[in-house]
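Since the structure comes first, as structure tokens, the remarks are kept for the end.
The values are calculated or read from the model by the stated rules, or taken from the named source; none is laboratory data. Keep in mind that what you see is a predicted model, and the values were worked out from it rather than measured. Because the Cβ atoms are built from the backbone with ideal geometry, glycine has one as well, and the counts that use them run over all protein chains shown. Areas reflect the complete protein model, heavy atoms only, side chains present, ligands, DNA and RNA absent. Shrake-Rupley method; radii C 1.70, N 1.55, O 1.52, S 1.80 Å.
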Amino acid sequence: MPKFAANLSMMFTEVPFLARFEAAAKAGFKYVEYLFPYDYPKDVLKTKLQDNDLQQVLFNTAAGDVQAGEWGVSAIPGREADSHRDIDLALEYALALNCPNVHIMSGVVPPGENYAKYKQTFIDNVRYAADKFQPHGIKILLEALSPQVKPNYLTASQFQTLELVDLIDRDNVFVQLDYFHAQNVDGNLTRLTDTLNGKFAHVQIASVPERHEPDEGEINYRHIFDKLDEIGYEGWVGCEYNPRGKTTDGLGWFKPYK
């Protein structure tokens, strides 16, 4: 049975961020993920996890200057020092929170820029991250983002991300398989899951096209969950969706998996 993690950046937004840990626990979740921890001291987040008997399973490196259009800096040539700083900080938080996975955000490639240079910069920076994280048993994750959500992101297709994982060639670097993005770009999710089997270490879900609860839209998530069980997937399934209304009102899909 999949292990579901509430995404506290998108779920339980009816309450302030630090109150979402308790809300997730009361709703029956044992695992949480979210985009960024850096606005809060490590000890505050650790206490929230401990007080609510929750395990942190994923967060991202910093996004950079979002107002300037950045969404990660590790693929941007000339920003290697910033990338390494963000990676080092993420490692500090991962160790403090006992978090087994960190997603290294690549970045946006502006139209007309040299894509190959951005790609190689990202490869080099992820190798730096992988070598720093490896002694601690922490996995590095790479994610493709569909153009509808983040135009010109370094990778849009799961196959692009898989190629990067192979080129980086580190044992602790994996694909972060977000089925919402995968359906928007690649489709054929059953066969895609087979192709990526052994190469992905975290899953995220949301309906397509509206990115709501996984009980609507064009993806049969009951089939997907069965498929993950069939291949022996042992990682987490992050619920990275925008609830249709109040978060708890939309958790009927979750009841069989509590």
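Figures for the structure shown
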read-out	value
Solvent-accessible area, 1.4 Å probe, carbon plus sulfur percent, for the chain	47 percent
Long-range HN-HN contacts of V173 with modeled amide H, under 5 Å	I140
Three semi-axes of the equivalent ellipsoid, segment 21-139, Cα gyration tensor, whole Å, largest first	29, 15, 11
Selection from V165, N188, T247, by position along the positive dipole direction of segment 139-258 (Cβ)	T247
For the chain: accessible area per residue (Å², 1.4 Å)	44 Å²
Segment 24-33 - phi-based ³J(HN,Hα) in whole Hz, Karplus 6.51/-1.76/1.60, Gly and Pro as x	5, 5, 5, 7, x, 7, 10, 9, 9, 9
Alpha-carbon centroid distance for the pair segment 3-26 / segment 131-152, whole angstrom	22 Å
Dipole magnitude (debye, nearest 20) for segment 3-254, charges at Cβ of Lys, Arg, Asp, Glu	180 debye
Normalised convex hull volume, segment 3-254, alpha-carbon set, Å³ per residue	121 Å³
Of K42/K258; K3/K132; K117/K227; K3/K119, those spanning more than 30 Å from alpha-carbon to alpha-carbon	K117/K227; K3/K119
Extension reserve of the A116-N242 stretch, reckoned as 0.36 nm per residue once the Cα distance is removed	42.0 nm
